[in-house]
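Encoded as structure tokens, the structure appears first; notes follow it.
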Amino acid sequence: MFEGPVQDLIDELGRLPGVGPKSAQRIAFHLLAADPTDINRLQEVLQTVKQGVAFCDVCGNVASDTRCRYCSDARRDPTLVCVVEEPKDVLAVERTREFKGRYHVLGGALDPLAGIGPDTLRIRELLARLGGTGPATDETEISEVIIATDPNTEGEATATYLVRLLRDFPGLSVTRLASGLPMGGDLEFADEMTLGRALAGRRAL
């Protein structure tokens, strides 16, 4: 344990996701040794992020204006919407270069134990988009919703809840990202759930 502000800094850094006690300590001492100009620049960036970053009125993604780059891009297919949990998931899907539609960011996943229910997420906004009453008045009718929540307990619960809500929309196709074996993986190291999903989602060759 260190004294005073140094330990306070380590404690705060340790609260960040993916930063353990050792990493927090290394970062703290790096910041202590850093040039004051670098520290000031970091402070300014953190303040700008908190105060200056907006969220897209249509999909909820991080944006610098009222609409994000994907919702304002006329080349993207407005009839195809991929539902993800967080803005970082948008980037993950974009890296595949396979998806040419638009997005809807829920802002998390259902987790009753953490107090996150349907009203906490942007589910109402998704239903409004599908019903043609959302902010994207220039969107044509959405024909397919791809549910791309995480393949964990919370993500599966969210997907199941969304499927139950969306199946009553006439003419709407609701799909879920397939999950299975990673490229280069060995069957003997796959867990039962992953292998089961791979079998259930098999396709003809």
Item checked: Between 0 and 90°, nearest 10: helix 153-166 axis offset from the chain longest Cα axis -> 40
Check: Of all the accessible heavy-atom surface of the chain, with the other protein chains kept in place and a 1.4 Å probe, what percent is carbon and sulfur?
Finding: 56
Checklist line | Calculated FRET value between Val6 and Ala204, using beta carbons and R₀ = 45 Å, to 0.05 | finding: 0.15
Note to self: On a straight-distance basis, which lysines could pair with Lys88 in a cross-link, Cα separation under 24 angstrom, same-chain partners fewer than 8 positions away excluded?
What the structure shows: Lys50, Lys100
Check: Taking Cα centroids, how far is the stretch 134-205 from the stretch 72-102 in Å?
Finding: 15
Check: Using r as the Cβ-Cβ distance of Phe189 and Ala92, and R0 as 25 Å, what FRET efficiency do you calculate, to the nearest 0.05?
Finding: 0.65
Check: Where does the charge balance sit around Ala92 when Lys and Arg score +1, Asp and Glu -1, over other residues with C-beta under 14 Å from its C-beta?
Finding: -3
Next item on the list: Can you tell me the 0 to 90 degree angle between the C-alpha axis of helix 4-14 and the longest principal axis of the chain, rounded to 10?
Entry: 20
Next item on the list: Express in Å², to the nearest 10, the accessible area of Val163 obtained by rolling a 1.4 Å probe over the protein heavy atoms while all chains stay in place.
Entry: 60
Item checked: Mean ellipticity per residue at 222 nm, deg cm²/dmol - from DSSP H runs of n ≥ 4 across the chain, formula -39500 (n - 2.57) -> -12000 deg cm²/dmol
Check: Does anyone have the angle between helix 36-52 and the longest principal axis of the chain? Alpha-carbon axes, 0 to 90°, nearest 10?
Finding: 30
Item checked: Compactness index (Cα Rg / 2.2 N^0.38 Å), the chain -> 1.27
Next item on the list: Report relative contact order for the chain in percent, whole number only (criteria: Cα-Cα under 8 Å, sequence separation at least 6).
Entry: 13
Margin query: What distance in nm separates the two pseudo spin-label positions at Thr79 and Leu16, each 7 Å out from Cα along the beta-carbon direction?
Written below: 4.5
Next item on the list: Show which aspartates and glutamates lie in cross-link reach of Lys22 when reach means a straight Cα distance below 16 angstrom and same-chain residues fewer than eight apart are skipped.
Entry: Asp8, Asp11, Glu12
Next item on the list: Measure of size requested: the Rg and Dmax of the stretch 70-177, with Cα atoms as the atom set and Å as the unit; please supply both.
Entry: 13.2, 41
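The values are calculated or read from the model by the stated rules, or taken from the named source; none is laboratory data. Being a predicted model, the structure only gives us computed values, none of them experimental. Quick reminder, even Gly has a Cβ in these numbers, built from the backbone with ideal geometry, and neighbours come from all protein chains shown. Remember, those area values only see protein heavy atoms, side chains included, never the ligands or the DNA or RNA. Shrake-Rupley method; radii C 1.70, N 1.55, O 1.52, S 1.80 Å.
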